[in-house]
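> Structure in structure tokens, see below.
The values are calculated or read from the model by the stated rules, or taken from the named source; none is laboratory data. Quick caveat, the model's predicted, so the values are computed rather than measured. Virtual Cβ from ideal backbone geometry, glycine too; neighbours counted across all protein chains shown. The accessibility values were calculated without ligands, DNA or RNA, using every heavy atom of the protein model including side chains. Shrake-Rupley method; radii C 1.70, N 1.55, O 1.52, S 1.80 Å.
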Amino acid sequence: MKIVVLGKGAWGGAVGELIRSRGHEVAWVEQDQVKMPGPAEMIFLAVPTQLIRGCLHELGPQSVPVVSLSKGVEIETGKRITEVVRELWPQASVAAVSGPSLATELANRTPTAVVAAATDEKLAEQVQKILHGPTFRVYRTTDLAGVEWGGALKNVYALAAGMCAGLGLGENSLAGLLTRSLREMVRVAVQLGAKEETLYGLSGVGDLMLTSYSRESRNRRVGERLGAGDKLDEALASVKGVCEGVPTTEALHRIEAKRKVEAPVADQLYAVLFQGKPPKEAVQALLERDPKAETV
């Protein structure tokens, strides 16, 4: 199969090489390119979320299946990535792949498990077949919204986890924060169209654990720098590549205002990132909330 990967960063490069190792013909389109390198039978999208609309517009409409590898939400519209693809390329069917997967480990063929999602189960099976192999286990689901929301929201809460670590609050605090963050993730995602069980799978809790604990995670490291006292621009400059949790936090804040979604952890993170609130005060605000039942 002829496959084009849009974006040749660490993740797009690693996934493209994996696909090539499965016997497919792979070509990449880098961010500064404005045309397709010939016909494709499937497109994998690995461009930073806020650049996707411009990239698709420049390339012009395509009608082959598009698989999102990116994890985020468009700030201006609150749309998931596949929703942006559908808007600009209405003839293309869409899917997404997400889960706990560091690009460096994928490139080294470290055993990894992810989930392929499409509302059309045949497309999910096709993507699964292309990617699945000895060290890359691919599950499938038709809950496309759930997989995309899990992949996007976990970046928000990984920032909060890093901030907790940067403040030096200890393992008890981090475990408690992540448990409540997972509850918040599930509640938010379900209100936005996800199935609850999806958030307890690879694209939800699985990716949340990896992104929150791994020092390879840009979101975790940016959060740590914020907790240690850096300003946002300083923290972002300390890592290479895009920290998707920052724009996703802004997008979620806008969605909350429109949809009346309750997300206290994300609210406090937004206050730190965009309103100058000290991280210690954000943590204290969460601790001072009224006591509740655990399942709320």
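> Has segment 242-261 got at least one residue that is within 11 Å of Asn155 (Cβ to Cβ), in a helix (DSSP H, G or I) and open to solvent by 70 Å² or more (accessible area, probe 1.4 Å)?
No: zero hits.
> In segment 119-230, which helices (runs of 4 or more DSSP H) lie fully inside it and hold 3 or more residues that are out of contact with any His (no Cβ under 8 Å at 6 or more places or on another chain) and surrounded by fewer than 24 Cβ atoms within 10 Å (Cβ to Cβ)?
Fully inside segment 119-230 and qualifying: 121-131, 144-166, 171-191, 207-213, 218-227.
> Let me ask you something else. Within segment 263-283, is there a residue that is in a loop (DSSP other than H, G, I, E, B), in contact (Cβ under 8 Å) with a residue 24 or more places away in the chain and surrounded by fewer than 20 Cβ atoms within 10 Å (Cβ to Cβ)?
No.
> Going by what's in this entry, would Leu123 be described as more than 21 Å from Ala194 (Cβ to Cβ), in contact with a strand residue (DSSP E or B) (Cβ under 9 Å, 6 or more places away or on another chain) and in contact (Cβ under 8 Å) with a residue 12 or more places away in the chain?
Taking the combined requirement at face value, the residue does not satisfy it.
> I've got another one for you. Which is at pLDDT 95 or above, surrounded by 15 or more Cβ atoms within 10 Å (Cβ to Cβ) and under 22 Å from Leu51 (Cβ atoms), of Thr82, Thr112?
It is Thr82.
> Another question about this same structure. Please state which one of Val4, Val15 is in contact with a Pro (Cβ under 7 Å, 6 or more places away or on another chain) and open to solvent by less than 70 Å² (accessible area, probe 1.4 Å).
Val4
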